[in-house]
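Q: Here it is: the structure, laid out below.
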Amino acid sequence: MTNTVEPGKATDFRFTVTGPDGKPVTDYAVEHEKKLHFIVVSRDLGSFQHLHPEEAGGGVWSVPLTLPEAGVYRAFADFKPTGQSGLTLGADLYASGAFQAKPLPAASRTTKVGDYTVTLDGDLVPGRSSKLTLRVTKDGKPVTDLQPYLGAYGHLVALRAGDLAYLHVHPEESKAAGPEIVFFAEVPSTGDYRLFLDFKHGETVHTADFTAKAQTAQTAHDDDEEHGH
Ligand SMILES: [Cu+2]
């Protein structure tokens, strides 16, 4: 596997997952309709892609991959070998050339993606399952006809700024197609996290991103009071 690519140019990126016996893993359980989820972010968390590689045989995965700009990227393979627990493995990827790292966007409870506005309610509290409610509106109106994407109305990936610790976030089973999508996330520490929400509407998958600050329950509570909740 070559980890260096030319920025802005699609490559057929190939990799294998090696098991404890040193052999490529070929037997995977399906999770969220796929055997393997492949997340690629720039190290400064300014770029995010959620891809689904195809099996090319013999344990080899293949995916068309474009790293948009020069820089350092982190790829995560999220999968579950049959009969075992889920795993996330990471590798650094490089797009050659000079680059300028962008600062992490400030924490915010509202973000825009195209014509959509997504708001975040709930607080990330280290060491416990935190309920996050994401509400999707379009042109100011609640979206109530979200389309299922990978078996749910939304998928959320959370990464810790700095070391890019990858969090598993589980959606709450929901029969309602919006405007609210509920998740439970457990963060390991205080600090800044970048949240990426994939949702499908109008036959298109949209990704809304947020910076959220995880703080202890007491601090979060004090903040709530300050803001008059
Ligand atoms: Cu996926």
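Q: Just for strands (runs of 3 or more DSSP E) wholly inside region 7-92: which have at least 3 residues that are in contact (Cβ under 8 Å) with a residue 60 or more places away in the chain and within 19 Å of residue 198 (Cα to Cα)?
A: 71-79
Q: Related question: Just a yes or no: is a residue in region 44-56 loosely packed, with under 14 Cβ neighbours inside 10 Å and either within 16 Å of the ligand (Cβ to nearest atom) or within 20 Å of the chain's Cα centre (by Cα) (or both)?
A: yes
Q: Output yes when any residue across region 96-109 is within 16 Å of the ligand (Cβ to nearest atom) and assigned to a loop (DSSP other than H, G, I, E, B), and no when none is.
A: no
Q: Within the set of pairs 6 or more residues apart or between chains, which connect a residue that is within 20 Å of residue 168 (Cα to Cα) and free of Cβ contacts under 8 Å to residues at least 24 places away in the same chain inside region 115-144 to a residue that is among the β-branched types (Val, Ile, Thr) and part of a strand (DSSP E or B) with Cβ atoms less than 6 Å apart?
A: Once the first residue is within 20 Å of residue 168 (Cα to Cα) and free of Cβ contacts under 8 Å to residues at least 24 places away in the same chain and sits in region 115-144, its partners that are among the β-branched types (Val, Ile, Thr) and part of a strand (DSSP E or B) give 121/133; 122/133.
Q: Identify all residues within region 115-130 that are surrounded by fewer than 17 Cβ atoms within 10 Å (Cβ to Cβ) and at pLDDT 95 or above; write none if there are none.
A: 115, 121
Q: Go through (1) surrounded by 13 or more Cβ atoms within 10 Å (Cβ to Cβ); (2) within 16 Å of the ligand (Cβ to nearest atom) for residue 69 and report which single condition fails.
A: Status for residue 69: all satisfied but (2).
Q: Still on this structure, I have one more. Could you run through region 57-66 and say how many residues are more than 16 Å from the ligand (Cβ to nearest atom) and in contact with a strand residue (DSSP E or B) (Cβ under 7 Å, 6 or more places away or on another chain)?
A: Residues in region 57-66 being more than 16 Å from the ligand (Cβ to nearest atom) and in contact with a strand residue (DSSP E or B) (Cβ under 7 Å, 6 or more places away or on another chain): 3 in total.
Q: Given the condition touching a Ser or Thr at 6+ places or on another chain (Cβ under 6 Å), of a type in the set (Gly, Ala, Ser) and farther than 23 Å from residue 154 by Cβ, answer yes or no: does some residue in region 97-120 qualify?
A: No, region 97-120 has no match at all.
The values are calculated or read from the model by the stated rules, or taken from the named source; none is laboratory data. Worth saying up front: this structure is predicted, and the values here are computed from it rather than measured. Glycine also receives a Cβ, built like all others from the backbone with ideal geometry; neighbour counts cover every protein chain displayed.
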